[in-house]
Amino acid sequence: MRAFNYTIHIDQTPSDVFAFMMDFSKSSRWRNLVRRIDVVTPGPLRVGSQLLITMDVLGSVKQLSSEVWAYDPPRRYGVRNTVNNVTGVFEYQLDTDNGGTLLRFTCTIRPHGWMWLALPLLILESRVRYRAQLSNFKQALDQDSVRIVNHSSRITESPNR
C-alpha cells in the first residue's frame, strides 16, 4: 500500500540532483536517521546492488540491508528492504521541470503475516518520518552548491609590482 508520495522542485538539473543523491557520503545530511550508507556489492552501483545502511534509532545504532531495485541515472533510483515482517519499497523519480528538477519520493509498505494489523500505524509512522526528507535534501544540495560556487569564485589579488 502506498504510504506517501512527496515532491519538491529543485533549481538544478536532474544530473546534478542525481549525482548529489548518489553521493552516499552526504546521506546523513539529509536522510532521516541515516548515519551512513555503504555499498556492499563489488563494482559500480546497479540494480541488484546490496547496501548496508547504518542508522541511529532511539539512541541505538541499527544496521539494515537494502537492495537497489531501480537504477536509471539521472531519472530513477529505488531501494527495498524487509525488517520485522514489513517490506518498504522506496523510489526517487527525477523529471525536468521549468529549467530544474521535479524530485518525487514515494514509499510503498507491504506488511507480511500479522503485521497487516499494524498497517495504519506503519503508514502514519512512515509519513511522519519521511515528511521532511525532500526539503532536507534540497537544503543540503543548496548548501553544497553554495560551497562550490564560493570556492570557485575566490579571487586572489596580488599587488602590481
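No value in this document is a laboratory result; all are computed from the given coordinates. Here the structure is a predicted model, which is why all the values come from computation and not from measurement. When we count neighbours, we look across all protein chains shown, and the Cβ atoms used for this are built from the backbone with ideal geometry, even at glycine.
Determine, from the Cβ-Cβ distance of N85 and F24 and an R0 of 22 Å, the FRET efficiency 1/(1 + (r/R0)^6), rounded to the nearest 0.05. Working shown, then result.
Values: r = 27 Å, r/R0 = 1.23.
Efficiency, from the Cβ-Cβ distance: 0.20.
Mean residue ellipticity at 222 nm, helices only, the chain: -8000 deg cm²/dmol; runs of at least 4 DSSP H residues each add -39,500 (n - 2.57), and the sum is divided by the number of residues.
The local environment of T87, defined by Cβ-Cβ distances under 11 Å, has a net charge of +1 under the rule Lys, Arg +1 and Asp, Glu -1. Using 0.36 nm per residue and subtracting the Cα-Cα separation, the extra length available between T13 and D97 on full extension is 29.3 nm. Its alpha carbons considered, segment 2-149 gives a radius of gyration followed by a Dmax of 15.4, 52 Å.
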